[in-house]
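Some notes on the structure that comes next.
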Amino acid sequence: MDPTTNNTNNLEYLVCGKDAPIVTPSTPAQPTLIQPITTIVSILDNTVYDEAEETEDSERTLDYVRVQLKALRYLASYPSDMLSGRQACKWTQMISPSDFKPTAREALHLCYYLRSQGFDTFAKFKRGYMKLYVADQESNKRSPHTDVLYWKQDVKTNDIRYACSPGIPEPVVGGRRNAVATLSLHTTEGRSLYDHYYGYYAEQRRQDQRTLDSLATLMSAAEIRLQNLVAGENPDPGEIEVTLMQLEEYRALLRGD
């Protein structure tokens, strides 16, 4: 069983090695116009993890939602392939800020939530232990010698066997292997290509920019609302759930998903 591709909504599927249900691929989205940005292509297959399918016994805590918000805010400033093992570890610890000891289920859920948002994180299970990794950007082959281990935990006792500690140098993940870089405008080829697309899509780009600006405004408003809900004295889990889903949807639209 390949743990980087199977359904993770049920921890027992991964621990016991049972086959995950077959998921029918969705219809590919229509191609979008070329945009003057850098696009990150994940080195891992898409995960079929859907947080909305979680059962009641795995309800998200406020601290877990705070970590999700931190991850989404990270993506507003940095590309997903810049995630380090130490950052992933710190987010995992903050699921339980009082003792830095989340359950194995919580750590796994966060790992695959990050994966669903574009981070190259994945889990492996062996002899009752769960290991969480940030994938090495320089290779399409998964290996404990190159991928960055950021968490190891006993799935039965929840005993944490490996996690980051203050003062330890941050593991470095190879950067931007799959970044699709734009051509330099200082070259004849780059300038010619830029002029071609700029002239052909000038009006469409203006319309697209207005759409992007609107989405950015909506995303910012949703983020502020989520922060206020989480910080409130009597937070409403239902409102938090809806607002977080809206925020993730706006992010997906901005990415062109």
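Values in this text are rule-based calculations from the coordinates and carry no lab data. Since the model is a prediction, treat every value here as computed from it, not as a measurement. Cβ coordinates were reconstructed from backbone atoms using ideal geometry, including for glycine residues, and neighbour counts include every protein chain displayed.
List of remarks:
- With a simple spin-label model that places each label point 7 Å from the Cα along the Cα-to-Cβ direction, the separation between E138 and K101 comes to 3.7 nm.
- One chain, two ends: S77 and L253. Fully extended at 0.36 nm per residue, the span grows by 61.7 nm beyond their Cα-Cα distance.
- In sequence order, calculated HN-Hα J values of segment 144-154 (Karplus, 6.51, -1.76, 1.60; Hz; x Gly/Pro): x, 8, 10, 5, 8, 6, 10, 7, 9, 8, 6
- Calculated from backbone phi, Karplus (6.51, -1.76, 1.60) coupling profile of segment 90-104 in Hz, x at Gly/Pro: 4, 4, 5, 4, 6, 4, 10, x, 6, 9, 6, 10, x, 6, 4
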